[in-house]
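Read-outs: derived from the displayed coordinates by stated rules, not from any lab. The shown structure was predicted, so the numbers you read here are calculated from the model rather than taken from an experiment. All Cβ positions, even for glycine, are placed from backbone atoms using ideal geometry, and neighbour counts span all protein chains on display.
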């Protein structure tokens, strides 16, 4: 089940909200969330609920041991045991096929093993439970005494299958003391609708346009066709994942939880370093706090630390070497930018050059990311720089037919509309026009977005969530 499905929007979510708010005791509310979350997770793959429950049990008890024996060898043993079990499960289910294939390629042997079916969301909830044990071990949070409250944290359907990565310490207070607030609830609905619009209106449309080029005959495509195809994928993956994060944050607000932001308009960046401060913030902060800094951060061996982090960042995204190359590609860019920063300030470089640089390196990066077959990816990259065949009629037709969409998507991928809305609101603050905007124009705009997504969902057959596979 996905958030952008009619079943979720008109059946699953309303039933959950009704049950959650008509039941008064907090323990029963927690029970509603646990049961609904497990049903949500089991909708497509019932078997993997067992793995989710196992991970929850393992880290609940590891957290208790880490707290009880903090500073002693038992606590270190609990932390190490948690890492071995959790990462062992992740490697087994996500990377075993890749390991066997790589072994065959290196040795010339022919072991046949296609790997296990990937449990949805395992990359996300594994990192959540690891971060919990780490934080208890370091004394940054108290261990949860109730297993069912811990299971609720792990299994919350709002962010279970595709993030953002929610740390226990960020919602520990709300697990115990969340309250209903109508304004927060309204903000949750608003945020969910915006995320739904991003996903259905922009991500799905960009994906449909991009398939014309990304699944076509590269040899017959012009350089313009290659750039349009990858631009559409850049739009698709941004609106897909940031839209999902918006919906998750909105759902959290509806049920009394506050999740941190996961995207901050990454395409307005002027360097790869800035881009990764704005893209998938919860993943970046996880690797920073639990790997980069413990390895030494900027204090010692910082180049090694960056390469290790970005090797694993790429590997986290998928069991294929193209993801590893994609991660190392950004790791090298960050090292180069860090070295150049000793001589020049990126803030002093004219903005237009910074934006062009970021656009180009991002397009090449998404090419590495998109094609799991490295030969295909390299072939597509050659097309991006094929100055011998710059333009063709098919690229022109697609461009002209979708020019309005491309312009609108470009605007919506930046904070232009948000900034404009804030300025208008400030200018009209307290006036009649301000009230018309607040009580008429804005609500009807949200309704229009919701109705538009409903119409598209009824007619669309193409509605994937890209990050479900990670």
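Assorted remarks:
- Top-ranked residue of the stretch 138-148 - restricted to ones that are in contact (Cβ under 8 Å) with a residue 40 or more places away in the chain and touching a helix residue (DSSP H, G or I) at 6+ places or on another chain (Cβ under 6 Å), ranked as nearest to residue 31 (Cα to Cα): 147
- Unique match (being over 30 Å from residue 122 (Cα atoms) and either touching a strand residue (DSSP E or B) at 6+ places or on another chain (Cβ under 7 Å) or in contact (Cβ under 8 Å) with a residue 40 or more places away in the chain (or both)) among 346, 323: 346
- Residue 333 vs. criteria farther than 22 Å from residue 131 by Cβ and in contact with a helix residue (DSSP H, G or I) (Cβ under 6 Å, 6 or more places away or on another chain): yes
- Counting the residues of the stretch 374-407 that are under 27 Å from the mean Cα position of the chain (by Cα), surrounded by fewer than 14 Cβ atoms within 10 Å (Cβ to Cβ) and in contact (Cβ under 8 Å) with a residue 24 or more places away in the chain gives 1.
- Cβ-Cβ under 6 Å pairs, at least 6 apart or on other chains, the stretch 75-92 side at negative phi, far side assigned to a helix (DSSP H, G or I) and surrounded by fewer than 17 Cβ atoms within 10 Å (Cβ to Cβ): none
- Scoring residue 159 on the criteria (1) touching a helix residue (DSSP H, G or I) at 6+ places or on another chain (Cβ under 6 Å); (2) without any contact (Cβ under 8 Å) to a residue 60 or more places away in the chain leaves a single failure, condition (2).
- Test: residue 367 is touching a helix residue (DSSP H, G or I) at 6+ places or on another chain (Cβ under 8 Å), in a helix (DSSP H, G or I), within 30 Å of residue 96 (Cβ to Cβ) and in contact (Cβ under 8 Å) with a residue 60 or more places away in the chain: yes
- Any chance residue 135 is in contact (Cβ under 8 Å) with a residue 40 or more places away in the chain and either within 18 Å of residue 89 (Cβ to Cβ) or outside any loop (DSSP other than H, G, I, E, B) (or both): no
- Sole exception among (1) surrounded by fewer than 23 Cβ atoms within 10 Å (Cβ to Cβ); (2) touching a residue at least 60 places away in the same chain (Cβ under 8 Å); (3) more than 23 Å from residue 1 (Cα to Cα) for residue 225, by number: (1)
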